[in-house]
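Just so it is clear, none of the values below were taken in a lab; they were calculated from the coordinates. Just so it is clear, the model here is predicted, and its values are computed rather than measured. Every residue, glycine as well, gets a Cβ built from its backbone with ideal geometry; the counts of neighbours run over all protein chains shown.
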C-alpha cells in the first residue's frame, strides 16, 4: 500500500475512534443528554484589561496547609471568632485560635465514606451523602449560622453547632440542584443562589461546558417559610452579597463573567441591572465594612472560551472527542490555575485588583473575606487558607 493510502487509512481510523469514543474518555461520555448552549458573552472590548503587574497575591501567607480540604467560604461569628469554613468531607469546622474543631455538619447520614481522602477530587463521588457546605453566613442578631449546602439546600445551625436544620430544598416545585451562596438581610430574609437544576456540584465542569441557564436567584422568608424565585434563567449564578445599606444585593453571573445588581428598595425594586463586566469567571462575593465588594475570580477568560461561548455546536463537537474533562478544563482556564481578586465600589467601579498570574502561591480563589486589615482567601480546590495583608 502506498504511503498516501496508509495515511488516509489512519485518518479514517482516528476519525471513527473520535466519533465513537469506545473507551468513554470524552468529557461528556457519561452524559447522554448533554446539550451545549450559547453564552451571551460580553463584547471582547468590554472586558477589563487592568492587571496586577506585581502579582501581589504571591505575598499571601499560606495557613493551615493540609489541615483544611477545599475551604470555600470564610465566616466569622458575631463575636469575631473564627474563621469558620466548610470543607470537602461535609463538615463545617472552626478555628478557635489554637486548632480546628468540628462545629457543624449538614448530613445525618455520615459514615466511613466521609473519612479523610488522599485528594480533594476523591471526595466528590460521596458529596451527595456526606454533604458539601459552600456559602456560610452568620445572622448577627441570633448567632445562627446559615449554610448553603450544594446537595441539601439552604440550612441553619444554632450558635452551639451540631446537625444543621433544613430550611428549604425547592422553589416553585423544582428541587434545588446546586445550592451555592447566600446572604441575610436585617429582617432575616435569606437571598441565595441555585447554580443549576440540572447539574450537581460534582458535575460542575459539565455545567460550565454546557452553558445551560437553569440557575436561579432565590429568597427564603423565615416568617412565611416560603421560597420565591427572584431571578431565573441565569447561567451559573454563584456568589451573592447585600449592599451595606440593604437597598440591593449583587450576584455573580458565572459563565458570562458579570456582576448584576438586584434592587430591593426604591423605584427600581424588583429589577436587576448589570453592575460590572469582569475579566474572568466569578465565584463568591463579599461586602466589606466600607460597602465595597470583594469578588473572587476563578480564572481570567481567554479568547478560546470567548469563541466557544458564542458557538455551542463547535463546543459540543470538541467535547465529544476522547479528551478528558480535566484537559478541557485546563484549556478553559488558560493552561494553569491562577488566582484573581477584585474590589468594586457599589457603583461598579474597579477599585483594586490582586493577582497571582503564575499560580505560585494562590492558585485558585473561591471567596475573599476582609477582616481587620486582612483578606482571608478560601478555595474549594485548595488544601489551605491564604491570608493577604492589606496596605
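Against the empirical 2.2 N^0.38 Å (N residues), the chain has a Cα radius of gyration ratio of 1.00. Shape class for segment 204-295: oblate, because the ratio a/c of the largest to smallest gyration tensor axis (alpha-carbon atoms, square roots of eigenvalues) is 1.5 or more and b/c is at least a/b. Taking 7 Å steps out from each Cα toward its Cβ at residue 121 and residue 109 produces label points 2.5 nm apart.
Under a GNM of the chain (C-alpha, springs under 10 Å), which listed residue has the highest mean-square fluctuation: 356, 186, 149? Result for the chain, Cα springs under 10 Å: 186 fluctuates most.
A simple spin-label model places pseudo-atoms 7 Å from Cα toward Cβ; at residue 330 and residue 290 they are separated by 4.0 nm.
Build a GNM of the chain with springs between Cα atoms under 10 Å apart, and of 341, 217, 39 the one that fluctuates most is 39.
Summed over qualifying helices (DSSP H, 4 residues or more, each -39500 (n - 2.57)) and divided by its residue number, the chain shows a 222 nm mean residue ellipticity of -4000 deg cm²/dmol. Here the label points at residue 37 and residue 323, each 7 Å from Cα along the C-beta direction, are separated by 2.4 nm in the simple model. Residues considered: 91, 132, 315. Largest GNM mean-square fluctuation over the chain, using C-alpha springs under 10 Å, is found at 315.
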